[in-house]
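K.L.:
The structure that follows is given in the form of structure tokens.
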Amino acid sequence: MRVVDIRERSVDLSRYRDPSIPSGGLTTSIVALTTDVARNGRPVVGYGFASMGRFAQGGLIRERFAPRLLAAGDVDPISAWTAMMKGEKPGGHGERCVAIGTLDMALWDAEAKIADLPLHRFLRQRFGNADTPVDVPAYASGGYLYPDDDLGRLRNEMHLLRDQGYDKVKIKIGAAPLAQDLKRIEVALKVFPGPHRVAVDAMNAYDARQSLEAAKALSRHRLMWFEDICDPLDFDTQALVAAAYDEPIAAGEALFSAAEAQLLDRHGGLRRDRDVLLFDPVHCYGLPGYLRIIAALEARGWARRSFWPHGGHLFSLHAASALGLGGVEVNPLSFPPFGGLADGVSVAEGRATPPDAPGIGFEHKADLAALFGTL
Ligand code: MG
């Protein structure tokens, strides 16, 4: 296929179900790629967005990556990656990885639509994982600190997630003092009782002392995992926590390349028998970059079941399904309209199923489809 037109726009993004609660000006990019391939008399259009948490990428897309993609001629998502990286120097991954990942998502959506297959089936054909089950283990993600009535609103959110059928949940810590976060964890544990049903995400907020203090306080709760503890590149602290904390740890969400992933593995003290790898298939330069990370860590002894990609949206779900990963994050309430599953679909027995429509299936999320339609 050739990409003949690229439209992009920055849009506001909220961590909350109620978008009027301030989210620090968070944004994301939405893109629409028009191809020269027609289906049912209309050109195939692929849609993508910049996942959650790292702000919009419009400048980079407009000035560097969209022009290269438009000039690349016939491409598939793998050769498009090479075209977009033309002239880029090695290193500096965080500067551009999300912009490329945004366009990459739209390329896969278009390719799968051209093949008339849901993306997870298209990826299975392409990467030879035909035997993995379509549905994947999933947990509900959310639990951001509320500006007022935090514990009451958190309790309400936990009940909503449980009522939607989720049996595991992840909440945020690290934005409030540890004593308050421990109360937040107790709120979540009341709704999701038992070991390994509640995970916490410190959003890389802790320094070395706070990391160890938190690890000590969290140990007795038998959490599903303790995520994003300290600065993503502070491997010394990461390793100290791993040595002191027996329960699972999750890391890698804010690392963007195979080289960084290997550094985490070499120096972060992670344990292959229990720890969780969160790399985001969009933020890691898209699927081509994510596949490199999987290959690099598999070569170092990691299993695919250790990968639980960050994102909480349909693209991560298709990737986890097709690649046989451990499971996925789902954002049923946060980051509307980008998070969660297709309209009217929830988890069944703790597992999520990607849409069966051609492509990623954004067309089965009415609010998101309408937003893409504005492009
Ligand atoms: Mg995280």
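K.L.:
Calculate the FRET efficiency for residue 39 and residue 71 from the Cβ-Cβ distance with a Förster distance of 30 Å, rounded to the nearest 0.05. Write out the running numbers ahead of the final one.
P.N.:
Working: r = 24 Å, r/R0 = 0.81.
Efficiency for this residue pair is about 0.80.
K.L.:
To continue, here is another question. Which pairs, out of 168/216; 183/216; 172/365; 172/216; 190/365, put more than 20 Å between their alpha-carbon atoms? Provide the component values of the computation, followed by the final result.
P.N.:
Values: 168/216 22 Å; 183/216 15 Å; 172/365 26 Å; 172/216 17 Å; 190/365 31 Å.
In this structure, 168/216; 172/365; 190/365 exceed 20 Å between Cα atoms.
K.L.:
Using 0.36 nm per residue of separation minus the Cα-Cα distance, give me the extension gain between residue 305 and residue 263 in nm, one decimal.
P.N.:
So the chain would gain 13.1 nm between residue 305 and residue 263.
K.L.:
Springs between alpha-carbon pairs under 10 angstrom, Gaussian network model over the chain: which of 69, 323, 117 fluctuates most?
P.N.:
117
K.L.:
Any idea how far apart residue 298 and residue 79 come out in nm if each label point goes 7 Å out from Cα toward Cβ?
P.N.:
2.4
K.L.:
Subtract the Cα-Cα distance of residue 88 and residue 155 from 0.36 nm times their separation in residues, and report this length gain in nm to one decimal.
P.N.:
Stretched fully, the residue 88-residue 155 segment lengthens by 19.4 nm.
K.L.:
For region 1-123, report the translational diffusion coefficient in µm²/s to the nearest whole number, using Stokes-Einstein at 25 °C, 0.890 mPa s, and a Kirkwood Rh over Cα pairs.
P.N.:
Values: Rh = 15.1 Å.
In µm²/s, the coefficient rounds to 162.
K.L.:
Can you give me the convex hull volume of the Cα atoms of region 182-257, divided per residue and expressed in Å³?
P.N.:
Working: hull volume 6.5 nm³, N = 76.
Dividing the Cα hull volume of region 182-257 by its residue count gives 85 Å³.
K.L.:
Right, something else. By count of other Cβ within 10 Å, fewest leading, how are 280, 356, 273, 104 ordered?
P.N.:
Working: 280 27, 356 13, 273 7, 104 31.
Ascending number of Cβ neighbours within 10 Å: 273, 356, 280, 104.
K.L.:
Now a separate question. Given 0.36 nm per residue, what is the gain on full extension from residue 129 to residue 351 after removing their alpha carbon distance, in nm? Please report the intermediate quantities before stating the final value.
P.N.:
Numbers: separation 222, 0.36 × 222 = 79.92 nm, distance 1.86 nm.
Extra length available between residue 129 and residue 351 comes to 78.1 nm.
K.L.:
With 10 angstrom as the radius, rank 16, 144 by how many other C-beta atoms surround their C-beta, starting from the fewest. Provide the component values of the computation, followed by the final result.
P.N.:
On the way: 16 19, 144 23.
Fewest to most other Cβ atoms nearby, the residues stand as 16, 144.
K.L.:
Here's another thing I want to ask about it. Taking 7 Å along the Cα-to-C-beta vector as the label spot, tell me the residue 217-residue 175 distance in nanometres, rounded to one decimal.
P.N.:
That separation, rounded to one decimal, is 1.7 nm.
K.L.:
Per residue, how big is the convex hull of region 126-373 when only Cα atoms are used? Give it in Å³.
P.N.:
Values: hull volume 31.0 nm³, N = 248.
Hull volume normalised by residue count: 125 Å³.
The numbers here are math on the coordinates, done by the rules we state, and not lab data. Remember, predicted model here, so these are calculated numbers, not experimental data. Cβ coordinates were reconstructed from backbone atoms using ideal geometry, including for glycine residues, and neighbour counts include every protein chain displayed.
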